[in-house]
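The values are calculated or read from the model by the stated rules, or taken from the named source; none is laboratory data. What you are looking at is a predicted structure, and each value in this text was computed from that prediction instead of being measured. Positions of Cβ are backbone-derived with ideal geometry, glycine not excepted, and every protein chain shown enters the neighbour counts.
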């Protein structure tokens, strides 16, 4: 993946996820952080460190971004099988934080 086409998301326990920027832009919060006109460090480095997210949760967030991108515009969307009841509440809080 070319550098400008991807973004690195880093969890608070050091896990790094490299994903397509188009997928990460599902989140208005991430989109704002990566806006080149924002002059944020995240936009300059193309890397976002989430101090409030573990690797497990950030992995699920990344899976959701690709799930959303894959199923966007479809009439029948399968239920996501990567969200377990044990992490559902934490993911709800993170979804609110990321505005997605």
*the range 8-34 residues that are more than 13 Å from residue 47 (Cα to Cα), paired with ones that are at pLDDT below 95 and buried (at least 16 other Cβ atoms within 10 Å of the Cβ) (beta carbon under 6 Å, 6 or more apart)*: 26/100; 27/100
*Can you name the condition, by its number, that residue 42 falls short on among (1) part of a helix (DSSP H, G or I); (2) more than 23 Å from residue 92 (Cα to Cα); (3) modelled with pLDDT under 95?*
(3)
*Mind listing just one residue for me: the one in the range 45-60 that is farther than 16 Å from residue 88 by Cα and not in a loop (DSSP other than H, G, I, E, B) and, of those, modelled with the lowest pLDDT?*
45
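Does residue 51 satisfy the criteria of being out of contact with any helix residue (DSSP H, G or I) (no Cβ under 9 Å at 6 or more places or on another chain), touching a residue at least 12 places away in the same chain (Cβ under 8 Å) and surrounded by fewer than 16 Cβ atoms within 10 Å (Cβ to Cβ)?
Values: out of contact with any helix residue (DSSP H, G or I) (no Cβ under 9 Å at 6 or more places or on another chain): yes; touching a residue at least 12 places away in the same chain (Cβ under 8 Å): yes; surrounded by fewer than 16 Cβ atoms within 10 Å (Cβ to Cβ): yes.
Taking the combined requirement at face value, the residue satisfies it.
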_Subset of the range 1-32 that is closer than 21 Å to residue 63 by Cβ and more than 12 Å from the chain's Cα centre (by Cα) - its residue that is surrounded by the fewest Cβ atoms within 10 Å (Cβ to Cβ)_ = 14
